[in-house]
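The values are calculated or read from the model by the stated rules, or taken from the named source; none is laboratory data. Because the structure is a prediction, the values reported are computed rather than measured. Cβ: placed from backbone, ideal geometry, glycine included. Neighbour counts: every protein chain shown.
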Amino acid sequence: MTQIFNFSAGPAVLPKEVLAQAAAEMLDWHGSGMSVMEMSHRGPEFMSIYKAAERDLRELLAVPDNYKILFMQGGGLSQNALIPLNLLGHKPEGATIDFIHTGSWSAKSIKEAGKYAKVNTAASNTTAVPAQADWQLTADAAYLHMCTNETIDGVEYQPDFNDTRFKDRVLVADMSSHILSRVIDVAKYGVIFAGAQKNIGPAGVTIVIIRDDLLGKALPVCPSAFDFKLVADNESMYNTPPTYGIYIAGLVFQWLKQQGGVAEMERRAKAKAELLYAALDVDDFYQNRVAPANRSRMNVPFYLKDESKNEAFLAGAKARGLLQLKGHKSVGGMRASIYNAMPIEGVQALVDYLNEFAGR
Ligand code: PMP
């Protein structure tokens, strides 16, 4: 059988070892006589799964003690509403939220936040991250929101935020599609959020990492089940959390630790991305339109110069076991998502096919 490599943007490939372990534990988790799906979320078995997942994620990202990690539902998009609902309590009238627009996902965030506050797009460019010096920030903005990896547009920040301008600002980052793929300094951010279905686990779990002093600032209309403080005070069990998804995420965290952690993931991500972009850059048969410094290591959109060959390209890829390479419908073309669980062999197989299809 042809080996399959899945380049989906999400829900996306998971480590084979994790799926095999979940399969082995499906009917009877650790002698409990139950599947994880059947356990009370407050019972000792699931609590041990939850605590291990929280602890391992904290260790992997070196999350400081003054931050809470929440395992929520609702997906990445829901956070576009939940963050204003949770942070604007102290500034209900006339709050402004600053945004950096770098693609489709930050555009969605801007639109949604407009229901709750004034929005200021401080900088905009969908093929490069605008230079920080050019960001037109509002003096008293409630927070500054950005999407540090645009999954559709393939634009990724090189996050540093060392400039003193950012010292007293609350930075909010949507890291859905590159969390755990590069070392980050969590202390630079007020809130980090990520849907799980790319680098963490199955769809249905949303991770929120929030600094303690930002809790307890919810607007009165914020739904209780989505009030970050209530969720934090109840260890993500204010209501029933997505238990099975948290279990799989926990297995992925263990796998990441065994592989060498986030620094090793970053090393691999660089190697995989360099291999792929080099093949796209050989000539103009394929084109990636993102500024080289901001090309995503996770999501690589590309176009065939002759778009009449798109269907043939996808059919040939599928025949070789290279799946889900079609670009997002809003931008067309192709996209290869190469998350942590994509082995370099998969990227090499794609590169071989790119060269073959281009007649090189
Ligand atoms: N933000 C980013 C960067 C994403 O890639 C996605 C999903 N592809 C979302 C938000 C939305 O996530 P969800 O579908 O889980 O709401």
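Is at least one residue of segment 59-68 farther than 26 Å from Q136 by Cα and without any contact (Cβ under 8 Å) to a residue 60 or more places away in the chain? Among the residues of segment 59-68, at least one is farther than 26 Å from Q136 by Cα and without any contact (Cβ under 8 Å) to a residue 60 or more places away in the chain, which makes the answer yes.
Does D174 count as surrounded by fewer than 24 Cβ atoms within 10 Å (Cβ to Cβ) and either farther than 16 Å from A62 by Cα or within 11 Å of the ligand (Cβ to nearest atom) (or both)? Judged against the criteria, D174 is not a match. For segment 131-146, does any single residue satisfy the condition of being at pLDDT 95 or above, within 16 Å of the ligand (Cβ to nearest atom), at negative phi and not in a loop (DSSP other than H, G, I, E, B)? Yes, there is a match, as at least one residue in segment 131-146 is at pLDDT 95 or above, within 16 Å of the ligand (Cβ to nearest atom), at negative phi and not in a loop (DSSP other than H, G, I, E, B).
When the residues of segment 321-347 are filtered to those that are part of a loop (DSSP other than H, G, I, E, B) and small (G, A, S), which remaining residue is surrounded by the most Cβ atoms within 10 Å (Cβ to Cβ)?
A341
If a residue has to be more than 16 Å from the ligand (Cβ to nearest atom) and either touching a Pro at 6+ places or on another chain (Cβ under 8 Å) or not charged (D, E, K, R) (or both) to count, how many in segment 52-74 make the cut?
Residues flagged as more than 16 Å from the ligand (Cβ to nearest atom) and either touching a Pro at 6+ places or on another chain (Cβ under 8 Å) or not charged (D, E, K, R) (or both) within segment 52-74 amount to 11.
Listed by first and then second residue, the pairs linking a residue in segment 71-88 that is in contact (Cβ under 8 Å) with a residue 12 or more places away in the chain to a residue that is assigned to a strand (DSSP E or B) and within 11 Å of the ligand (Cβ to nearest atom), with Cβ atoms under 6 Å apart and 6 or more places separating them unless they lie on different chains, are M72/T206; G74/T206; G75/G195; G75/T206; G76/G195; Q79/F193. Counting only residues that are surrounded by fewer than 18 Cβ atoms within 10 Å (Cβ to Cβ) and within 16 Å of the ligand (Cβ to nearest atom), segment 192-242 holds 1 of them.
Residues that are in a loop (DSSP other than H, G, I, E, B) and within 18 Å of the chain's Cα centre (by Cα) were ranked within segment 98-125; the one that is surrounded by the fewest Cβ atoms within 10 Å (Cβ to Cβ) is G103.
Residues that are within 8 Å of the ligand (Cβ to nearest atom) and either modelled with pLDDT under 95 or buried (at least 24 other Cβ atoms within 10 Å of the Cβ) (or both) within segment 147-161 comprise C147, N149, E150, T151, listed in sequence order. Scanning segment 274-320 for residues that are within 15 Å of S337 (Cα to Cα) and assigned to a strand (DSSP E or B) yields R295, N299, V300, P301, F302, Y303. Would a scan of segment 265-280 turn up a residue that is assigned by TED's automatic domain parsing to the domain that holds A62, buried (at least 21 other Cβ atoms within 10 Å of the Cβ) and either at pLDDT below 95 or touching a helix residue (DSSP H, G or I) at 6+ places or on another chain (Cβ under 6 Å) (or both)? There is no residue in segment 265-280 that is assigned by TED's automatic domain parsing to the domain that holds A62, buried (at least 21 other Cβ atoms within 10 Å of the Cβ) and either at pLDDT below 95 or touching a helix residue (DSSP H, G or I) at 6+ places or on another chain (Cβ under 6 Å) (or both).
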